[in-house]
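Below you'll find the structure, written out as structure tokens, and then a few comments.
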Amino acid sequence: MINKNIRIIARLDMKGENVVKGINLEGIRPIGNPKSIAEKYYLDGIDEIIYMDVVASLYGRNSLSSYMKEAASNIFVPLTVGGGIRNLDDIKVALDSGADKVAINSEAIKNLSFIKEASEEVGSQAIVLSIEAKKQKDGTWEAYYDNGRERSGKNVCDWAEEVETLGAGEILLTSVDKEGLKNGMDIDLLDSIRGKLNIPIIMSGGVGSIKDIINVADKADGVAIASVLHYKNLTINDIKSELRDNHIMVR
Amino acid sequence: MKNIVIINYGYGNTYSLNSALSLLGYNALVTNKPDEICKADIIFLPGVGAFKQAMNAFLNLHMLEALNLALKRGSILIGICLGYQMLFEESEEFGVTKGLGLLKGKVVRLNHFNNINNRIPNVGWFPLINNLNNNKLEDKTVYFVHSYVPIVKEMNIISSFISYGNDLIHSSIDTGQIIGFQFHPEKSGKDGIKILSSILEG
């Protein structure tokens, strides 16, 4: 029995000034302008928005601050920004510009103390650990980074447990294998880590229909969707009303 | 025009709160200067992060006296999230830390409620259960992200609850002069904007 609302989250993969979308995190195509896309999703009732800079193109420049400020001026739901967050300064720039959370992957893998330092500095609630999971031949999942290109050697379940201990407040769990294909989420992956964690999990990768969301609704705390919204296969209203019809609570 | 300030002590999403107030047509001043807080009619105390660090940062800026003076003059104080928790006597986050002590009660970790099915931090949208007769919070669903929550001693100031497992937790208070929200009205879509609007008009 689920007694709380599941969060329906729009994921905007960003490259430079554009929203883009790929398949298995590769072969990205431009979708459009982030301001108009995000504002539309907000007005349509999205619960949260994740901006993921897929080529870390915005960092080391002032554009992170300016595009977060532009978003936070008009969108009044939680905003997460990730992709290329490397140090406490990047985190502070994002949070001071209206972001509520930052998503961290590569830097956490390269520097184990980063999650601990970051969560102590700004609070666990602002630190989302992003995991890019790829299934291996032995049936386990390995955590990748740099947008699914580099192997960390870390087992996804062990890594998720470790980052919870280090102070991460949420996990954004992306199945690289399912990402962009619109043929369902990796439920086995979610099952393999759900029981081991106390922090919320946002499941990402593979939503092609409302049934795909229903299938993970009793296990995930949030579901990130992209293609079905970007390509206008579904509206947020379609999704929420059908979830309600299936006795799944949404805002 | 009401004189509105947002206290900036390094532990709050002042940008988003200010944007929400702008949307409603209010021009708030984001400040850490005691003399500006003294003069305000409405004072927002936002907050995210850790209780102890936030309290220390607040006290180090010597704003407590200014806040008390403003309250004596009849200013309205609105605490949000960690700013709500800071209104109380103490928090058990990383040992016991004293709060501002404006309200009776203490801040406890959510595992105090022993609900194995609920995650900590508690993140997401919850419908408010309105507890006062002023209707401001009726039929509103708002965004929470927190690991701690106040246990309010004066039951008559609790303006809403949310259901957390089998328990009801104290999600907001309203004394008439001091208002506190565990949730983020500035991140709660149209419902949150309506709540802010009803306070500022009231």
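Where a number appears in this text, it was derived from the coordinates with a stated rule and is not lab data. Quantities reported herein were computed from a predicted structural model and do not represent experimental measurements. FYI the Cβ positions are ideal-geometry reconstructions off the backbone, even for glycines, and counts take in every protein chain you see.
Each of B:S16, A:S63, A:S152 has some number of other Cβ atoms within 10 Å of its Cβ, and from fewest to most they run A:S63, A:S152, B:S16. Spatial offset of region A:182-242 relative to region B:1-30 amounts to 35 Å, using the alpha carbon center of each.
For peptide B:45-58, what's the mean number of Cβ atoms from other chains within 10 Å of each residue's Cβ?
Working: counts 0, 0, 1, 7, 9, 7, 1, 0, 4, 1, 0, 0, 0, 0.
So the per-residue partner count for this stretch is 2.
Normalised by the number of residues in region A:1-154, the average gap of Cα pairs under 8 Å and 6 or more apart makes the relative contact order 16 percent. Between the C-alpha center of region B:68-92 and that of region A:133-160 there is a gap of 46 Å. For region B:62-118, chymotrypsin sites (Phe, Trp or Tyr not before Pro) are listed when DSSP marks them as loop and at most 13 other Cβ atoms sit within 10 Å of their Cβ; the list is B:F94. In this calculation the C-beta distance from A:E161 to B:M1 is compared with R0 = 51 Å, giving a FRET efficiency of 0.45. If r is the Cβ-Cβ distance from B:E138 to A:N237 and R0 is 22 Å, what FRET efficiency results, to the nearest 0.05? The pair B:E138/A:N237 has a calculated efficiency of 0.40.
Using a Gaussian network model of chain A in which every pair of alpha carbons under 10 angstrom is joined by a spring, one finds that among A:D177, A:D188, A:D13 the greatest mean-square fluctuation is at A:D188.
The mean sequence separation of alpha-carbon pairs under 8 Å and at least six residues apart, normalised by the residue count of chain B, gives a relative contact order of 17 percent. Using a Gaussian network for chain B with springs between C-alpha atoms less than 10 Å apart, which of these wobbles most: B:I120, B:I80, B:I158? Most flexible of the set in this elastic network: B:I120.
Could you line up B:M55, B:M155 from fewest to most neighbouring Cβ atoms inside 10 Å?
Numbers: B:M55 23, B:M155 8.
Listing B:M55, B:M155 from fewest to most nearby Cβ atoms yields B:M155, B:M55.
For the protein assembly as shown, DSSP calls about 45 percent of its internal beta bridges antiparallel.
Which trypsin sites (Lys or Arg not before Pro) in region A:36-104 sit in a loop by DSSP (not H, G, I, E or B) and have at most 12 other Cβ atoms within 10 Å of their own Cβ? Don't skip to the answer; put the middle values down first.
Working: sites: A:K40, A:R61, A:K69, A:R86, A:K92, A:K101; in loops: A:R61, A:R86.
Passing sites in region A:36-104 are A:R61.
Give me A:V156, A:V81, A:V250 ranked fewest to most by other Cβ atoms within 10 Å of their Cβ, as a rough exposure proxy. Display every interim value, and only then the final one.
Working: A:V156 25, A:V81 31, A:V250 20.
In order of increasing Cβ crowding within 10 Å: A:V250, A:V156, A:V81.
The string of couplings for region B:95-102 from the Karplus curve (6.51, -1.76, 1.60, θ = phi - 60°) is x, 8, 10, 6, x, 6, x, 6 Hz, one whole number per residue in order, with x for Gly and Pro. The loop-placed GluC sites (Glu not before Pro) in region B:76-147, going by DSSP, that have at most 12 neighbouring Cβ atoms within 10 Å of their Cβ come out as B:E138.
Provide a whole-number value for the mean count of partner chain Cβ atoms within 10 Å of the Cβ atoms in peptide A:66-79.
Partner-chain Cβ atoms within 10 Å, mean over residues of A:66-79: 5.
Counting only other chain Cβ atoms within 10 Å of each residue's Cβ, the peptide A:192-198 averages 1. Based on Cα atoms of chain A, Rg over Rh with Rh as the Kirkwood radius reads 0.93.
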